[in-house]
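Scroll down for the structure; my scribbles are underneath it.
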Amino acid sequence: MLRAALILGLLSAVGPFAIDMYLPAMPAIAAGLQADVAAVQLTLISYFVAFGIAQLVYGPWADQVGRKRPLYVGLAIFVVASIGCAMAPTIGALIGFRALQGIGGAVLMVVPRAVIRDMHTGTAATKLMAMVMLVISVSPMLAPLAGSGLIAIGDWRLIFWVLCLAAGLSLLLTAFALPETLDVSNRIPVNIANLWRGTKVLMRDPVFMGLTFIGGFGFASFMVFIASASFVYTGQFGLSPTGFSVAFAINAIGFFAASQMAGPLGERLGILPVIRWAVIGFAGFSLGLLMIGLAGFASLPVIVAGLFMANACLGLIIPTTMVMALDPHGDIAGLASSLGGTLQMVTGGMMVVITGLFFDGTAVPMIGAIALCAVPALVLALRTLAIMNRAGEGAVQT
């Protein structure tokens, strides 16, 4: 399991690196391309939206041809897009190439999750997902610092050349270290009838949709934080790019440290109670931090501490909801992974757009948007977990 987690984690980390590494450079990109904050945030939104929509293609394709061929194509697209980002002459060109980069990077969300479902189910899958997230955790902790270092020796364009190199190395890893986990006998031909049939099954499953959107609103809150934090930490609080990277890493550590407890807690307490209490904690910390901010006491240490606790709850929510949503749908794991990922990414992109309408570079609007994500996640969790308990699924922990 450790070898699989390392390989899948390294592959999965490329996508987050494409987000986290250039966060410290967002103010520099705005200055270098003579763009405003909203335009620079569009480079994130275009990446996320394209990332989400492209998953609809990779999932069914991976169910038809296996897991490796889509990885080759997606990573090749990512390489070309990274070169385009590095050479972009205008903010419009950068937005376009970031969208193309999202199309390529989407494969790294869909296929590793499908591979995990090929190999394991239940708490075993949760353990593997958590181990993968442990490898991915180097991204929010090291990627912003790496980006700051690259800015110090070059400019923001150097970041995208490094991403190009990382994608090239991932191609080699896929070719020589990742086994094919989908047997030929289990592959499903891609046609409109099969896609529509599978999509109807998933869309009519209240548990799949509920778990998907619980994780989706949780992930959306993290996307809001990613899109806004650099401007809040460097603008309102005057941190340097390196200082921002450290503050961002502290917030992200909570998420990934907690994610490592998802598997053991699921075995000891049951996955459903873990989800329930984690969502309650996420909503409580987010709403509490918002009240503190509205009262005028949102200092930098308070914000960092509050987001650390909220993100720690997300570390329990996201891997468990991912696993539980896919668990009953092993025969269409690729489609389920892609549809779930698309719905989550579109939800996150919409929340970033909504945040941009009232974002003024200060902390309170950012915290308010995070709390806005927490409330529907809590409502959905209470409803979905009640359905699962009534159906007797709560008793099944493996």
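The values are calculated or read from the model by the stated rules, or taken from the named source; none is laboratory data. Only a predicted model underlies this, so the values are computations on that prediction, with no experimental measurement involved. Positions of Cβ are generated from backbone atoms using ideal geometry, with glycine treated the same way; all protein chains shown enter the neighbour counts. With ligands, DNA and RNA removed, areas are computed over all heavy atoms of the protein, side chains included. Shrake-Rupley method; radii C 1.70, N 1.55, O 1.52, S 1.80 Å.
Taking K and R as +1 and D and E as -1, what net charge do the other residues with C-beta under 13 Å from the C-beta of GLN55 add up to? Write down the numbers at each step before the final one.
On the way: positive: ARG113; negative: ASP63.
Overall, the nearby charge balance is 0.
A 1.4 Å probe run over the protein chains yields, for region 1-118, 31 Å² of accessible area per residue, whole-number rounding. Note on ALA193 and LEU294: the model spin-label points, each 7 Å out from Cα along the C-beta direction, lie 5.5 nm apart. If you sort SER185, SER259, SER240 by accessible surface, 1.4 Å probe, largest first, the order is SER185, SER240, SER259.
In this label model, ILE387 and ARG204 are separated by 1.3 nm, measuring between points 7 Å along each Cα→Cβ vector.
As a test of understanding, state the convex hull volume per residue of region 258-338 from its alpha carbons, in Å³. Write down the numbers at each step before the final one.
Values: hull volume 8.3 nm³, N = 81.
Looking at region 258-338, the number lands at 102 Å³ per residue.
As a calculated quantity, the FRET efficiency between ASN186 and THR90 at R0 = 51 Å, using C-beta atoms, amounts to about 0.65.
Springs between Cα atoms under 10 Å define the GNM used for the chain, and in it the highest mean-square fluctuation of ILE354, ILE153, ILE95 occurs at ILE153. Considering helices alone, the calculated mean residue ellipticity of the chain at 222 nm is -27500 deg cm²/dmol, with DSSP H runs of length four and up weighted by -39500 (n - 2.57) and normalised per residue. Considering only ILE214, ILE19, ILE192, the Gaussian network model of the chain with Cα springs below 10 Å gives its largest mean-square fluctuation to ILE192.
Applying both filters, DSSP loop and at most 14 other Cβ atoms within 10 Å, to the chymotrypsin sites (Phe, Trp or Tyr not before Pro) of region 259-364 gives PHE297.
The tail of the calculated P(r) for the chain beyond 42 Å holds 7 percent of all Cα-Cα pairs.
Would you mind classifying region 1-65 by shape? Square roots of the alpha carbon gyration tensor eigenvalues, ordered a ≥ b ≥ c; an a/c under 1.5 is rounded, otherwise it is prolate if a/b is larger than b/c and oblate if not. Show your work: numbers first, answer last.
Details: a/c = 5.00, a/b = 1.74, b/c = 2.87.
Judged from the Cα gyration tensor, region 1-65 comes out oblate (a/c at least 1.5, b/c at or above a/b).
Cut-off 10 angstrom, C-alpha nodes, Gaussian network model of the chain. Which of LEU94, LEU382, LEU343 fluctuates the most? Evaluated over the chain, the most mobile residue of the options is LEU382. Atom-type composition of the exposed protein surface of the chain places 73 percent of the accessible area on carbon and sulfur (1.4 angstrom probe).
Tell me whether region 211-265 comes out rounded, prolate or oblate; compute the Cα gyration tensor, take square roots of the eigenvalues as a ≥ b ≥ c, and use a/c under 1.5 as the rounded threshold. The partial results should precede the final answer.
Numbers: a/c = 4.94, a/b = 1.69, b/c = 2.92.
In terms of gyration-tensor shape, oblate.
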